[in-house]
Amino acid sequence: MTSAPFPALPILIVDDDEDVQRSYAAVLRHQGLTNIVACTDSREVLTLLARQEYELVLLDLNMPHLSGRDLLPKIVRQYPDPPVIVVTGVDDVRTA
């Protein structure tokens, strides 16, 4: 069995809930992905993206300051290369 290639660039996890961040990071690490950057303050996301390239962005939908709804178009417009996966703990079909 061959191992999957590891991304050279980090994965950015953006969620104001540190427990959720740790959960996502644990799942990623279990899959062998250890190059992870966590951000709890959504106001810092664009600065982080300006400083470094990322393989992937996991973006929480509902956060204080700047929501994922507000950040997503800015990220896609300014940094179109990394895929962005929007996640939410809201249990609502319309939100999904």
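The amide H of residue 36, built 1.01 Å from its N in the peptide plane, has 11 as neighbours under 5 Å, considering only residues 5 or more places off or on other chains. When the solvent-accessible area of the stretch 9-76 is split by element, carbon and sulfur atoms take up 49 percent of it, the probe being 1.4 Å. Accessible area ranking (1.4 Å probe, heavy atoms, ligands and nucleic acids excluded), largest first, for 19, 41: 19, 41. If you plug the beta carbon distance of residue 35 and residue 72 into 1/(1 + (r/R0)^6) with R0 = 22 Å, you get a FRET efficiency near 0.45.
Gyration tensor over the Cα atoms of the stretch 16-67: the corresponding equivalent ellipsoid has semi-axes (square roots of 5 times the eigenvalues, largest first) of 19, 15, 8 Å. The phi torsions of the stretch 12-28, fed into the Karplus equation with coefficients 6.51, -1.76 and 1.60 and a -60° offset, translate into couplings of 9, 9, 10, 7, 6, 9, 5, 5, 5, 4, 4, 5, 4, 4, 4, 4, 5 Hz, rounded to whole numbers, with Gly and Pro shown as x. For residue 87, nonlocal amide neighbours, meaning residues 5 or more places apart or on other chains whose placed amide H falls under 5 Å from its own, are 59, 60, 61.
The values are calculated or read from the model by the stated rules, or taken from the named source; none is laboratory data. Predicted model, so just to flag it, every value in this text is computed and none were measured. Glycine also receives a Cβ, built like all others from the backbone with ideal geometry; neighbour counts cover every protein chain displayed. Accessible surface areas use protein heavy atoms only, side chains included; no ligands, DNA or RNA. Shrake-Rupley method; radii C 1.70, N 1.55, O 1.52, S 1.80 Å.
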